[in-house]
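Asks: Input: one structure, supplied below.
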Amino acid sequence: MLAESLALSAALFAIGVVGVLTRRNAMIVFMCVELMLNAVNLSFVALSRLYGATGQVFVIFVMTVAAAEAAVGLAIVIAIFRHKQTVDLQNINLLRG
Amino acid sequence: MMNAQIPETGHPLADTVARFVWLLPLLPLLGFVVNGALALSAAAKIGPDDPSAGQDHHNAHDHAAGHDDHGHGHDDHHPARHKYAGIVSLVGPGVLLAAFGLAVAMFLAMRGVKMEEPFVLQLFRWMPVGDLKINAAFQLDQLSMVMVLIITGVGTLIHIFSVGYMQDDPGYPRYFAYLNLFVFFMLLLVLGANYPLMFVGWEGVGLCSYLLIGFWFSEEANANAGKKAFIVNRIGDFGFLVAMFLLFANVGTLDYAGMAEAAQKLPMGGTVITAICLFFFVGCTGKSAQIPLYVWLPDAMAGPTPVSALIHAATMVTAGVYLIARSSILFSMAPVASLTVALVGGLTALFAATIGLKQWDIKKVLAYSTVSQLGYMFVGVGVGAYTAGVFHLMTHAFFKALLFLGSGSVIFAMHRAYHATHNHDDAQDMRNMGGLKKFMPVTWALMWIATLAIAGIPPFAGFFSKDEILGTVFARANAGPLSTATLLGVPGHVVLLIVYVIGLASALLTAIYMTRMMIYTFHGPNRTGDAERAHLAEAPWIMTGPLVVLGVLSAFGGWLNLPELLPIGPIGTLEHWLEPVVGVATARMAGSGEHVAANTEWVLIGVAVAIAVIGMSVAFARLKPAALVQKSASPASEGFAKVLEHKYYVDELYDDAIVQPVKGISTTVLWKGVDAGIIDGLFVNGSAAVTRAMGWMGSQLQSGQVGTYAWVLVIGVLALLGAFTSSR
């Protein structure tokens, strides 16, 4: 059961990574990041069967951080959209050196 | 200073007035502080101290040529005295007088006790660094006592003279501040109990010399003369420093006390001791204006005339002679160095005397005469006649201060006459003088005394000191370590005989050029001008008073050290007095040689006097003051006279051989090449360029594309994971 759970977690993480790397839409990239976070959560929960409740406690933390990150991240995305009328990441390079 | 402690409580001087020796330099320092504060506060109230505002009165004294652009004298205003002139006139000479009184009291105390060891007063530890222990300490012994008496005594007279000479100068407090500061450093120089403390004084007097040469600094020539003196002296100071380093490295002490025993470590006449002495002598050539570094002294005449008398004739320039007398124990161990000192001194004496023959500026004649007489002093200390050298130093201080102050009073009168008639001629050129005897009889008589003294006519002071030096040179050529040593392959006795002949030749020239100066200045018809003649008059008493005192000293100063042959008073007073300080070294230099026979000595004296008389007669017979015309109408001189008038073109030679190449190298190599090219171009701007280039390259990685960053991140994570997993 553990192996399947970890495999699912790895698959979800990989999907998230590929999504982050390949998509241009900021919203989708954002969702892929969430997917990666939750993939990690899944592995935490699965492993807590072996190592005790620490993993489950940690999942609560990760979800809290993810919620906060979602709030800030979405606010930034909305601000960028208002400014540039697009959320295509290729058009956003304010950090260029 | 108050917690001064006396380690040698057993010293006979410890309970006398000598324990206040620290007060000697402190008094002039106090005068400097007061006068300096007055100068500054006056400047603060009436605006910047601009000497050009009122220098019309005095600048023409010393650089009158080409002065028309200053427009002075067109109005009849007479510069008002400085508002603090009263208090400055009291403080400036007052502190000197107090110091002189204290010095006399100490002298009397020293005469009252029998002292073999010098009295050393420790003030505080100055530089305790490892083995190097240098204390701020004053040493009062017979030699420093003589120097202190000369400095404060002649200094007081010159300060008093300055009250009259500088009375209308707008920089009056500044002048006395510098002069007081000079005396402070000079006393530090002679009272310091070790070489580093002497060096502090040595540098300090150099600074004051610079400040006073360039006293009227708004005239560029004066400022340049000051700079020249300062820079040339730095070259000599380098030698002094190296000598101190060598001394410490090889002997291990820099204190005079114990130097004799400590120096025994070194082999007699060895390379090290010779090098130490020669480097000390390099310092002397700078400070005491000997070949090859004498060139600054004639230019130093740009300063006020009393400064020339005090610093550039009587005291500072004799510091080198004092240094050698003080280091006599070292020099007596290095015959080669001593021979060099004597030879350079002799050559300088002759060289400067020939230049003095053809100078027209009255102060320039005296300047070259000073260089020449300093040469005599070095001949004296070079051949180990340390007493004679110091004796000549003393008599020279008397008669040369008198000559300079007398010339100052002449220039003062000349300038006053020119000022009254709005004439812009050169107040220092002898061609514009002539016949001044009628107008300034006191100055005339006193300057003749000084001239007879310097020419070596008995019984005036210079005769005794000069004769003693020449006699010792002759004696050393016959016996003693110097005659057996060799200098650059030439046997010592030959060198000394050459020096003796040079000395005689210089004595002849001295008599000629001094008589020439007197004839052209005071005798013959007056060439000042018809309108000006009515305004020529003797200087006020505050100026002639010091001259009279110096005249008495110049006339009778010889009695301080009479030779055995002339028992007209106490014999060899100064010699007995200095015996504890220089006796050992003098004995070593004399070797086992017998005294020159009395008959020979009579012949030597006869020759010296005959030469002086011949010189003066030649001058009287050959020089025709009636044929002279004013400077502006004089034709340029021809042939060898022209070479002499241009001082053998030594300044031009130094300029071409040293100054211009140094400037050229400095400009092309050091400035344009090293500084602008390597330091600025390669290091400063180069490092900036490298940083900028690397920054540009780094900035190219920052595309701003989040996707790219994510790719890099993932690849990095994968690489790390791969690295960790594969190494397992």
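The values are calculated or read from the model by the stated rules, or taken from the named source; none is laboratory data. Quick caveat: nothing in here was measured; it's all calculated off a predicted structure. Cβ: placed from backbone, ideal geometry, glycine included. Neighbour counts: every protein chain shown.
Asks: Please work out if B:S465 is of a type in the set (S, T, Y), assigned by TED's automatic domain parsing to the domain that holds B:Q359 and farther than 24 Å from B:V336 by Cβ.
Replies: So B:S465 passes the test.
Asks: What do you reckon, is B:L108 in a helix (DSSP H, G or I), surrounded by fewer than 20 Cβ atoms within 10 Å (Cβ to Cβ) and at pLDDT 90 or above?
Replies: On the way: in a helix (DSSP H, G or I): yes; surrounded by fewer than 20 Cβ atoms within 10 Å (Cβ to Cβ): yes; at pLDDT 90 or above: yes.
So B:L108 passes the test.
Asks: With the checklist (1) within 14 Å of chain B (Cβ to nearest Cβ); (2) surrounded by 13 or more Cβ atoms within 10 Å (Cβ to Cβ) in hand, flag the one item A:N38 doesn't pass.
Replies: Condition not satisfied by A:N38: (1).
Asks: Determine the pairs where a residue that is touching a residue at least 24 places away in the same chain (Cβ under 8 Å), located within the range B:641-658, has a partner that is in a helix (DSSP H, G or I) and among the hydroxyl-bearing types (S, T, Y) with Cβ atoms under 9 Å apart, the partner being 6 or more residues away or on another chain.
Replies: Partner pairs satisfying both residue conditions: B:L644/B:T354; B:K647/B:Y368; B:Y648/B:T354.
Asks: Taking the range A:38-86 as the region of interest, how many residues are among the polar types (S, T, N, Q) and closer than 15 Å to A:N25 by Cα? Before you say what the answer is, go through the steps one by one.
Replies: Going through the range A:38-86, the residues among the polar types (S, T, N, Q) turn out to be A:38, A:41, A:43, A:48, A:54, A:56, A:64, A:85-86.
Restricting the remaining residues to those that are closer than 15 Å to A:N25 by Cα gives A:85-86.
Going through the range A:38-86 one residue at a time, the tally reaches 2.
Asks: Also, quick follow-up: Tell me, please, whether a residue that is touching a Phe, Trp or Tyr at 6+ places or on another chain (Cβ under 6 Å), touching a residue at least 40 places away in the same chain (Cβ under 8 Å) and not assigned by TED's automatic domain parsing to the domain that holds B:G346 can be found in the range B:265-274. Lay out the reasoning, then the answer.
Replies: If we filter the range B:265-274 for residues that are touching a Phe, Trp or Tyr at 6+ places or on another chain (Cβ under 6 Å), which is where we start, we get none.
Within the range B:265-274 (the criterion being touching a Phe, Trp or Tyr at 6+ places or on another chain (Cβ under 6 Å), touching a residue at least 40 places away in the same chain (Cβ under 8 Å) and not assigned by TED's automatic domain parsing to the domain that holds B:G346), the answer is no, since none of the residues qualifies.
Asks: In the range B:418-431, which residues are touching a Ser or Thr at 6+ places or on another chain (Cβ under 6 Å) and buried (at least 24 other Cβ atoms within 10 Å of the Cβ)? Even if it seems obvious, please write down each step before you answer.
Replies: Step one: filter the range B:418-431 for residues touching a Ser or Thr at 6+ places or on another chain (Cβ under 6 Å), giving B:430-431.
Matches in the range B:418-431: B:M430 only.
Asks: I would also like to ask the following. When you check B:V473 against the structure, is it free of Cβ contacts under 8 Å to residues at least 12 places away in the same chain, within 29 Å of the chain's Cα centre (by Cα) and assigned by TED's automatic domain parsing to the domain that holds B:H392, yes or no? Before you say what the answer is, go through the steps one by one.
Replies: Values: free of Cβ contacts under 8 Å to residues at least 12 places away in the same chain: no; within 29 Å of the chain's Cα centre (by Cα): yes; assigned by TED's automatic domain parsing to the domain that holds B:H392: yes.
Judged against the criteria, B:V473 is not a match.
Asks: Same structure again: Do we find a residue being under 18 Å from B:K287 (Cβ atoms) and of a type in the set (K, R) anywhere in the range B:389-409?
Replies: Yes, the range B:389-409 contains a residue that is under 18 Å from B:K287 (Cβ atoms) and of a type in the set (K, R).
Asks: Identify, by number, the condition in (1) more than 14 Å from chain B (Cβ to nearest Cβ); (2) exposed (fewer than 12 other Cβ atoms within 10 Å of the Cβ) that A:F58 doesn't meet.
Replies: Of (1) more than 14 Å from chain B (Cβ to nearest Cβ); (2) exposed (fewer than 12 other Cβ atoms within 10 Å of the Cβ), only one is false for A:F58: (2).
Asks: What do you reckon, is A:V65 within 14 Å of another protein chain (Cβ to nearest Cβ), at pLDDT 90 or above, part of a helix (DSSP H, G or I) and under 18 Å from the mean Cα position of the chain (by Cα)?
Replies: Details: within 14 Å of another protein chain (Cβ to nearest Cβ): no; at pLDDT 90 or above: yes; part of a helix (DSSP H, G or I): yes; under 18 Å from the mean Cα position of the chain (by Cα): yes.
No: the conditions fail for A:V65.
Asks: If A:L42 passes every condition in (1) touching a residue at least 24 places away in the same chain (Cβ under 8 Å); (2) touching a Gly at 6+ places or on another chain (Cβ under 9 Å) but one, which one does it miss?
Replies: Failing condition for A:L42: (2).
Asks: Then there is this: Considering only the range B:481-541, give the helices (runs of 4 or more DSSP H) lying wholly within it that have at least 2 residues that are surrounded by 22 or more Cβ atoms within 10 Å (Cβ to Cβ) and either polar (S, T, N, Q) or not assigned by TED's automatic domain parsing to the domain that holds B:R416 (or both). Quick ask: steps written out before the conclusion?
Replies: On the way: elements: B:481-484, B:492-522, B:530-533.
Qualifying helices (runs of 4 or more DSSP H): B:492-522.
Asks: Quick check on the range B:150-194: of everything there that is within 17 Å of B:W216 (Cα to Cα) and of a type in the set (S, T, N, Q), which residue is modelled with the lowest pLDDT?
Replies: Here the residue is B:Q167.
Asks: Here's another thing I want to ask about it. Tell me yes or no: at least one residue of the range A:17-29 is farther than 19 Å from A:L2 by Cα, more than 14 Å from every other protein chain (Cβ to nearest Cβ) and surrounded by fewer than 17 Cβ atoms within 10 Å (Cβ to Cβ). Talk me through it step by step, then tell me what you get.
Replies: Residues of the range A:17-29 that are farther than 19 Å from A:L2 by Cα, as a first pass: A:17-29.
Right, trim to more than 14 Å from every other protein chain (Cβ to nearest Cβ) and you get none.
No - not one qualifying residue is present in the range A:17-29.
Asks: Kindly provide the set of residues from the range B:418-440 that are of a type in the set (A, V, I, L, M, F, W, C) and either assigned to a helix (DSSP H, G or I) or within 11 Å of B:I362 (Cα to Cα) (or both), ordered by number.
Replies: Matches in the range B:418-440: B:A420, B:A427, B:M430, B:M433, B:L436.
Asks: Can you name the helices (runs of 4 or more DSSP H) wholly within the range B:148-256 that have at least 3 residues being over 29 Å from B:V21 (Cα atoms) and in contact with a Leu (Cβ under 8 Å, 6 or more places away or on another chain)?
Replies: B:220-251
Asks: What do you reckon, is B:I355 out of contact with any Gly (no Cβ under 9 Å at 6 or more places or on another chain), at pLDDT below 95, in a helix (DSSP H, G or I) and buried (at least 24 other Cβ atoms within 10 Å of the Cβ)? Walk me through how you get there before you give the answer.
Replies: Details: out of contact with any Gly (no Cβ under 9 Å at 6 or more places or on another chain): yes; at pLDDT below 95: yes; in a helix (DSSP H, G or I): yes; buried (at least 24 other Cβ atoms within 10 Å of the Cβ): yes.
Spelling it out, B:I355 is indeed out of contact with any Gly (no Cβ under 9 Å at 6 or more places or on another chain), at pLDDT below 95, in a helix (DSSP H, G or I) and buried (at least 24 other Cβ atoms within 10 Å of the Cβ).
Asks: Starting from residues that are over 20 Å from B:A427 (Cα atoms) and surrounded by 14 or more Cβ atoms within 10 Å (Cβ to Cβ), keep the ones in the range B:623-645 and report whichever is nearest to the chain's Cα centre (by Cα). Give the steps one after another, and end with the answer.
Replies: Just the residues of the range B:623-645 that are over 20 Å from B:A427 (Cα atoms), to begin with: B:623-624, B:637-644.
Okay, now just the ones that are also surrounded by 14 or more Cβ atoms within 10 Å (Cβ to Cβ), so B:623, B:637, B:643-644.
On the way: B:L623: 32, B:S637: 31, B:V643: 26, B:L644: 23 Å.
Looking at the filtered set, the residue picked out is B:L644.
Asks: Tally time: how many residues in the range A:80-97 are within 12 Å of another protein chain (Cβ to nearest Cβ) and in a helix (DSSP H, G or I)?
Replies: Pass one, the range A:80-97, residues within 12 Å of another protein chain (Cβ to nearest Cβ): A:80, A:87-97.
Next, from what is left, pick out any that are in a helix (DSSP H, G or I): A:80, A:89-91.
So the count comes out to 4.
Asks: Next question. Name the residue, out of B:A585, B:A612, that is under 30 Å from B:I329 (Cβ atoms), under 29 Å from the mean Cα position of the chain (by Cα) and part of a helix (DSSP H, G or I).
Replies: Working: B:A612 fails: under 30 Å from B:I329 (Cβ atoms).
So the residue among B:A585, B:A612 that is under 30 Å from B:I329 (Cβ atoms), under 29 Å from the mean Cα position of the chain (by Cα) and part of a helix (DSSP H, G or I) is B:A585.
A quick yes/no check of all residues on (1) in contact with a Phe, Trp or Tyr (Cβ under 7 Å, 6 or more places away or on another chain); (2) surrounded by fewer than 24 Cβ atoms within 10 Å (Cβ to Cβ); (3) of a type outside the set (F, W, Y); (4) outside any helix (DSSP H, G or I):
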residue	(1), (2), (3), (4)
B:L402	no, no, yes, no
B:R416	no, yes, yes, no
B:V442	no, yes, yes, no
B:P459	no, yes, yes, yes
B:G462	yes, no, yes, no
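Asks: Tell me, please, whether a residue that is surrounded by 11 or more Cβ atoms within 10 Å (Cβ to Cβ), within 14 Å of chain B (Cβ to nearest Cβ) and under 30 Å from A:S5 (Cβ atoms) can be found in the range A:69-79.
Replies: Pass one, the range A:69-79, residues surrounded by 11 or more Cβ atoms within 10 Å (Cβ to Cβ): A:69-70, A:73-74, A:76-78.
Those still in the list that are within 14 Å of chain B (Cβ to nearest Cβ) too: A:73, A:76-77.
Still in the running and under 30 Å from A:S5 (Cβ atoms): A:73.
Looking for residues that are surrounded by 11 or more Cβ atoms within 10 Å (Cβ to Cβ), within 14 Å of chain B (Cβ to nearest Cβ) and under 30 Å from A:S5 (Cβ atoms), one finds at least one in the range A:69-79, hence yes.
Asks: Still on this model: B:F280 fails exactly one of the following numbered conditions: (1) in contact (Cβ under 8 Å) with a residue 60 or more places away in the chain; (2) more than 15 Å from B:H392 (Cβ to Cβ); (3) buried (at least 24 other Cβ atoms within 10 Å of the Cβ). What is the number of that condition?
Replies: (1)
Asks: Is it the case, given these coordinates, that B:G503 is on the phi > 0 side of the Ramachandran plot and either modelled with pLDDT of 90 or more or of a type in the set (A, V, I, L, M) (or both)? Let's see the steps before the verdict.
Replies: Working: on the phi > 0 side of the Ramachandran plot: no; either modelled with pLDDT of 90 or more or of a type in the set (A, V, I, L, M) (or both): yes.
Judged against the criteria, B:G503 is not a match.
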